[in-house]
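Participant: A single structure is presented below for examination.
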Amino acid sequence: SSGINAEYGGFLTKTREGLLDKQPERRELYPEIAQQIDAFCKRLDDLLLVESPFTFIMEDPTGNSFVENPYAPKADPLLKVEHYVRSKDDEDMLGITEMKEAAAAETAEEQSQAVYNENSEVITFDAMCNACGKEAVCNMKEVEIPFFKKILLMANVCDHCGFKDSEVKSSGGIGEKGQRIKLQMTDSEMDLDRDILKSETASVNIPELGIELTCGALGGRFTTIEGLLHQIKDQLESINPFALGDSSTDNSSKMADVIQGLQDIIDKKKLVELILVDPAANSYIQNVYAPDDDPHLTVEDFERTTADNDDLGITHMKTEGYENEES
């Protein structure tokens, strides 16, 4: 079906109407199929009454679909968003395969291998633009954070459409335990300038504003506290379109208050507690008193849950004895 912007009830109703279209002809030509469609439409009618709980699953290979979170900026306990790698069939359907082949053909005569710059220690290699699908350039550099560990900084630049993107990856492994990092801001001038590494597996909480951003909300980021707050503010404004404008509800004023609260922190008018929860223990907030302890910064280890291990992909990971198994 074509794209649609509606509530769940409207979506189910339009789905039902689409299925019932040309049913009279189907009943004459394909009675068995028509009977199945009638039974399914009856099921849709029951769902519209919400007499019992049901699960709604939407899968979008383009990643351009959206379901409103009525609890924003807190996490919705009933809503789960999962990202996956598109299959070959998905790419064929979206035309990405053709774009990749065209981009490869354009540069077949000038294939560039990874370039290592001895002065800046930057590795440059070919990549695909996430915006237009054409060939882009990715620059990667390993950086060591003092009193922490090494990370990989990656920046993508596309000469075709101008799209730029950056990403941070930990060059180390997953920690034995998860970590919870808490910073109680006491001095805006000092705290906003602290370096912060939020890994792709970390969530961000600001209890005073009721903000709970799950691990996939911002991806990996290496910036300052102020820079992270700007990114959170932009993210909340972009991922909650139904909370603003003509689609606004009572939740709009609440969201506006949260966004204004973030701006107050950035403007040094408000002090809050910032919490990073990272099951992989690959996140970091700068200790400005290093090598001494920071009285306003605490790092707590915690045992990962089964769900954490599933999300990190280590529940079924086999690290011993695999070499003895028959292939």
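The values are calculated or read from the model by the stated rules, or taken from the named source; none is laboratory data. The structure displayed is predicted, hence computed values, not measured ones. With ligands, DNA and RNA removed, areas are computed over all heavy atoms of the protein, side chains included. Shrake-Rupley method; radii C 1.70, N 1.55, O 1.52, S 1.80 Å.
Participant: For L183, tell me the accessible area in Å² from a 1.4 Å probe, rounded to the nearest 10.
Facilitator: 0 Å²
Participant: Something else now. If the cut-off is 23 Å between C-alpha atoms, which lysines fall inside it for K268, apart from same-chain ones fewer than 8 positions away?
Facilitator: Partners found: K182, K198, K233, K254.
Participant: In the structure displayed, which of K80/K270; K134/K169; K80/K134 lie more than 28 Å apart, Cα to Cα?
Facilitator: Exceeds cut-off: K80/K270; K80/K134.
Participant: Now a separate question. How much solvent-accessible surface does D89 expose, in Å² to the nearest 10, with a 1.4 Å probe and all protein chains in place?
Facilitator: 120 Å²
Participant: Protein chains only, probe 1.4 Å: how do M128, M185 rank by accessible area, largest first?
Facilitator: M128, M185
Participant: Oh, and also: Could you order D308, D126 by accessible surface area, starting with the largest, using a probe radius of 1.4 Å?
Facilitator: Sorted descending by solvent-accessible area, the residues read D126, D308.
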